[in-house]
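Step one of this worksheet: look at the structure below.
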Amino acid sequence: MSLSGRAILITGAAGVVGQASVQLLAERGARIMMTDRVAPARETGDNLAWLAADVTDREAMASVVRATLERFGRLDALVLTAGIEGPVGPVEELGERDLDQVLAVNVKGSLFALQAALTVMKAQGSGSVVCLSSISGVIGSASLAAYTMSKHAIIGLVRAAALEAAASGVRINAVCPGPIDSSMMQRLDRALSERYPERAAATGGAASGLPIQRYVTADEVARMIAFLCSDDAASCTGGTYMVDGGFTAK
């Protein structure tokens, strides 16, 4: 799955999946533009560039796409990993401000970057877009209504855009990880255990609910992303690809 010479833009590049994706795609020969609100913990170079941007700003996303073109001459893939988990609690307690923030980052943020990239990719007749959804995009997650809504919306966006872009040679897919060993998952484990003491008595946190009995790793998610960016996935579009340790098979 060589990505030699491919120009790839990664949003949420400072996050755990973003960092793993940068590392793996660079190892496979890609030239990468990283973007996030905070700088990722790695040095830039000839084939690795960085630009600060907020995914909720439509013009900022358009500017990052333009910067990628100026730096590398083309845009072969877009990897959308930026996201937040939002509040933990029952539906009736979900506040409008919290909901708006989650939808702005997780849904609008993906839409704005996708819109800017599609203009370029359709014109050049090729491209791959990989959106990070979640198991919460295909099943319900109690006490995480805002997050679940946003991740379902990502899959809807992927399916609609994939149908529109296929004739132009552009592929669009969603990756749906299970619980990842990350600071986000640690925050969720703590918040859920505080709200539901009976959960705290279980060992292993969210990992105990996966058939593989461990957290998914960011590297495993990055390998799926790399596949979907490569020519090996030439017939894959509009799909939802699970990296969930068997959770949704139950």
Practice problem: For ASP98 paired with ALA160, estimate the spin-label separation in nm (one decimal), with each label point 7 Å from Cα along the Cα-to-Cβ line. | Solution: 2.6 nm
Quiz item: Rounded to the nearest 0.05, what FRET efficiency is calculated for ARG42 and SER183 with R0 set to 22 Å and r the Cβ-Cβ distance?
Solution: 0.80
Quiz item: Sorting GLU220, GLU93 by accessible area (1.4 Å probe), largest first, what list results?
Solution: GLU93, GLU220
Exercise. For MET33, enumerate residues with amide H under 5 Å from its amide H, sequence gap 5+ or separate chain, H modeled in the peptide plane.
Key: ILE8, LEU9, ILE10, ALA49
Self-check item: Neighbour net charge for CYS131 - beta-carbon separation under 12 angstrom, K R +1, D E -1
Solution: +3
Quiz item: What does the highest-first list of 98-106, 84-92 look like by mean Cβ count within 10 Å?
Solution: 98-106, 84-92
Quiz item: Highest mean first, what order results for 234-240, 41-47 on Cβ atoms within 10 Å?
Solution: 234-240, 41-47
Quiz item: Any idea what log10 I(q)/I(0) is at q = 0.24 Å⁻¹ for region 57-106, Debye with uniform C-alpha scatterers and no solvent?
Solution: -0.92
Quiz prompt | Span from the region 222-250 Cα centroid across to the region 30-104 one, whole angstrom | solution = 21 Å
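The values are calculated or read from the model by the stated rules, or taken from the named source; none is laboratory data. Since the structure is predicted, the reported quantities are computational estimates derived from the model, not experimental observations. Because the Cβ atoms are built from the backbone with ideal geometry, glycine has one as well, and the counts that use them run over all protein chains shown. Side chains are part of the model used for accessible areas, which takes the heavy atoms of the whole protein and leaves out ligands, DNA and RNA. Shrake-Rupley method; radii C 1.70, N 1.55, O 1.52, S 1.80 Å.
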